[in-house]
Amino acid sequence: MSLSVNLLTEAFRPLARIFGDAMTADHVGSKFTCSEADEIALALWISGHQDEAVAWLVGHAEGEDWEDAHAHEYDETQGDGDRDTPRVLNEREIHTYLCDLSVNYLESLQITAAA
């Protein structure tokens with residue numbers, strides 16, 4: 001691991017402790033928009049705090065509505081017709097979601113750096 005990655009990981013450690021705390025994520029995560037929550041999670045993920053990024057989005061997702069990014073789309077065949085709230089993404093699904101987000105983000109950074 002390079003020195004710059006180590007520095008980035010250490011620089012984000014205090015934020016990772018705060019946002020990655022399950023109680024904090026549960027209490028305040030739903031107050032953030034999906035894009036705001038994603039930005040925080042992505043910063044944690046890219047800086048080497050993957051578990052904390054997942055914990056943050058798990059807490060955020062508890063407050064999701066049907067049209068939000070971290071909930072499954074309405075699917076009557078899955079029994080959603082009788083539900084008042086959507087089925088939110090689980091930890092494994094959030095992990096995959098963040099992997100995909102980070103790849104797109106890193107590709108964008110490489111394009112920007114090459115320009």
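The values are calculated or read from the model by the stated rules, or taken from the named source; none is laboratory data. Since we're looking at a predicted model, the values are computed, not measured. Every residue, glycine among them, receives a Cβ derived from its backbone with ideal geometry; neighbour counts consider all protein chains shown.
Remark: pairs (first residue in the stretch 47-68, touching a residue at least 40 places away in the same chain (Cβ under 8 Å); second residue assigned to a loop (DSSP other than H, G, I, E, B); Cβ separation under 8 Å; 6+ apart in sequence or on different chains) = 49/20; 53/20; 57/70; 57/89. Looking only at residues in the stretch 25-52 that are among the polar types (S, T, N, Q) and within 21 Å of residue 87 (Cα to Cα), which one is surrounded by the fewest Cβ atoms within 10 Å (Cβ to Cβ)? Here the answer is 35. Of the set (1) in contact with an Asp or Glu (Cβ under 8 Å, 6 or more places away or on another chain); (2) surrounded by fewer than 22 Cβ atoms within 10 Å (Cβ to Cβ), all apply to residue 55 but (2). The single residue among 21, 82 that is modelled with pLDDT of 75 or more and more than 20 Å from residue 108 (Cβ to Cβ) turns out to be 21.
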